[in-house]
């Protein structure tokens, strides 16, 4: 029996960080490098930024449609963030897990907590730290996506989010992108090998022990 051909339950890899610390760049590279991993696409009520496309970065929907999905319990998690709502549609994630597909979430603390509470056995939580608050401020200004008042709210929120670092299973310091990416990839590979996530192992080992030389 080959582990590549045997059923396994997928895992949910949560990568969180304060806004601007690099979680999105790290997440998208990990997904691009691993066919076993799919990026969860959230729904949001905020408008698309330049270069973003509906269904790729987010599903862009209005507040009424978002609220209807909440009423239908169609979200695995949802949260109000920076005056907008973000949520993870439930059905695609549950289908992926059952099919053995791993799913990566590029989300913040509120979403990470809700997913962990609902599916604790499936979740791996990673938090990405900036090397300094000054560097975080520089990154937010350099990407030129928000007005100054929005940037300041993001920085203020970052202090509260970073204070919750002990909630996560792994912490990555993103002071060097390539090193941070290598750390994230190692975490993902190790978690895929955990005994409890590989149902093929027990019958395979039983078969080994039953072999007579």
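The values are calculated or read from the model by the stated rules, or taken from the named source; none is laboratory data. Please read these numbers as outputs of a predicted model, since none were measured by experiment. Don't worry about glycine lacking a Cβ; one is built from the backbone with ideal geometry, like all the others, and counts go over all protein chains shown.
Laid out as a table, the results:
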| quantity | calculated |
| --- | --- |
| Test: residue in region 7-27 that is surrounded by 15 or more Cβ atoms within 10 Å (Cβ to Cβ), farther than 30 Å from residue 131 by Cβ, modelled with pLDDT of 90 or more and in contact with a helix residue (DSSP H, G or I) (Cβ under 9 Å, 6 or more places away or on another chain) | yes |
| Among (1) under 30 Å from residue 200 (Cα atoms); (2) exposed (fewer than 13 other Cβ atoms within 10 Å of the Cβ), the one test that residue 97 misses | (2) |
| Condition broken by residue 67, with the remaining ones in (1) over 29 Å from residue 177 (Cα atoms); (2) in contact (Cβ under 8 Å) with a residue 40 or more places away in the chain; (3) surrounded by fewer than 18 Cβ atoms within 10 Å (Cβ to Cβ) satisfied | (2) |
| Unique match (being under 16 Å from the mean Cα position of the chain (by Cα) and more than 17 Å from residue 18 (Cα to Cα)) among 183, 206 | 183 |
| Qualifying residue in region 24-39 (condition: in contact (Cβ under 8 Å) with a residue 12 or more places away in the chain and over 17 Å from the mean Cα position of the chain (by Cα)) | no |
| Search result, residues across region 159-182 that are assigned to a helix (DSSP H, G or I) and buried (at least 18 other Cβ atoms within 10 Å of the Cβ) | 161, 180, 181 |
| Answer from 102, 117, 73 - the residue that is in contact with a helix residue (DSSP H, G or I) (Cβ under 8 Å, 6 or more places away or on another chain), exposed (fewer than 14 other Cβ atoms within 10 Å of the Cβ), at pLDDT 90 or above and farther than 28 Å from residue 145 by Cα | 73 |
